[in-house]
Amino acid sequence: MQELGIRGIANVASSVCIYTPRGEVSPKDMRMLHIDADDDEHYPLLEKHLCEFEMFIQKAKEDGVKTVVHCKAGQNRSAALCAAYLIHAERMKLMDAIQLLVERRGLVLTNCHFLQELVQLARSEHLLD
């Protein structure tokens, strides 16, 4: 992570994934966000966590801090929050956000409830095509 200049970590599965920076990067040098979210068909991910996540990412972006976002498998929680950020903060259309995530990550958003939340968000932001 040091070679890539990453100084921020958003862990959106903090109850099942614990990351402690090692080597030359000290935990005090890292900006960290811990969100304990469930990858569950009934979990209100965006309702519970989008505001906190968006504030963390926006502050890191303003400060020029490269940030990695992860969960256990990197498919649902992290992807849904990243897509929501792109829709809400960056004003990206839903399908463009999903396409970008697929290009960068591969298989994402297999949780139907998270997809429904993203559709609702995009509809409310007038970014649903």
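The values are calculated or read from the model by the stated rules, or taken from the named source; none is laboratory data. On a predicted model such as this, the values are computed, not experimentally measured, just so you know. We place every Cβ from the backbone using ideal geometry, glycine too, and count neighbours over all the protein chains shown.
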Fill in: Matching residues, segment 97-129, being among the small types (Gly, Ala, Ser) and modelled with pLDDT under 95
Gly106
Worksheet item: Given the conditions (1) farther than 29 Å from Glu3 by Cβ; (2) touching a residue at least 12 places away in the same chain (Cβ under 8 Å); (3) not in a helix (DSSP H, G or I), which single one is not true for Ala122?
Response: (3)
Worksheet, complete the sentence: Per the list (1) part of a helix (DSSP H, G or I); (2) at pLDDT below 95; (3) touching a helix residue (DSSP H, G or I) at 6+ places or on another chain (Cβ under 8 Å); (4) not small (Gly, Ala, Ser), residue check on Thr20 breaks on (1)
Item to complete: Tell me which residues, restricted to segment 69-90, are assigned to a helix (DSSP H, G or I) and out of contact with any Asp or Glu (no Cβ under 9 Å at 6 or more places or on another chain).
Response: Ser78, Ala79, Cys82, Ala83
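Condition check ((1) modelled with pLDDT of 90 or more; (2) within 12 Å of the chain's Cα centre (by Cα); (3) farther than 19 Å from Val119 by Cα) across all residues:
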{"position": "Glu3", "(1), (2), (3)": "no, no, yes"}
{"position": "Ser14", "(1), (2), (3)": "no, no, yes"}
{"position": "Ile35", "(1), (2), (3)": "yes, yes, yes"}
{"position": "Glu52", "(1), (2), (3)": "yes, yes, yes"}
{"position": "Ala73", "(1), (2), (3)": "no, no, yes"}
{"position": "Asn76", "(1), (2), (3)": "yes, yes, no"}
{"position": "Arg91", "(1), (2), (3)": "yes, no, no"}
Worksheet item: When you go through (1) closer than 20 Å to His42 by Cβ; (2) without any contact (Cβ under 8 Å) to a residue 40 or more places away in the chain; (3) of a type outside the set (A, V, I, L, M) one by one for Ser78, which number turns out not to apply?
Response: (2)
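Residues are listed down the side, and each one gets a yes or a no for (1) closer than 23 Å to Arg7 by Cα; (2) touching a strand residue (DSSP E or B) at 6+ places or on another chain (Cβ under 7 Å):
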site	(1), (2)
Lys48	no, no
Gln58	yes, no
Val65	yes, yes
His70	yes, yes
Ile87	no, no
Met92	no, no
Gln99	no, no
Val108	no, no
Worksheet item: Does Ile98 count as surrounded by 16 or more Cβ atoms within 10 Å (Cβ to Cβ) and either more than 10 Å from the chain's Cα centre (by Cα) or in a loop (DSSP other than H, G, I, E, B) (or both)?
Response: yes
Worksheet item: Inside segment 48-73, can you point out the residues that are within 18 Å of Ser14 (Cβ to Cβ) and surrounded by fewer than 18 Cβ atoms within 10 Å (Cβ to Cβ)?
Response: Lys48, Cys51, Glu52, Glu54, Met55, Val68, His70, Lys72, Ala73
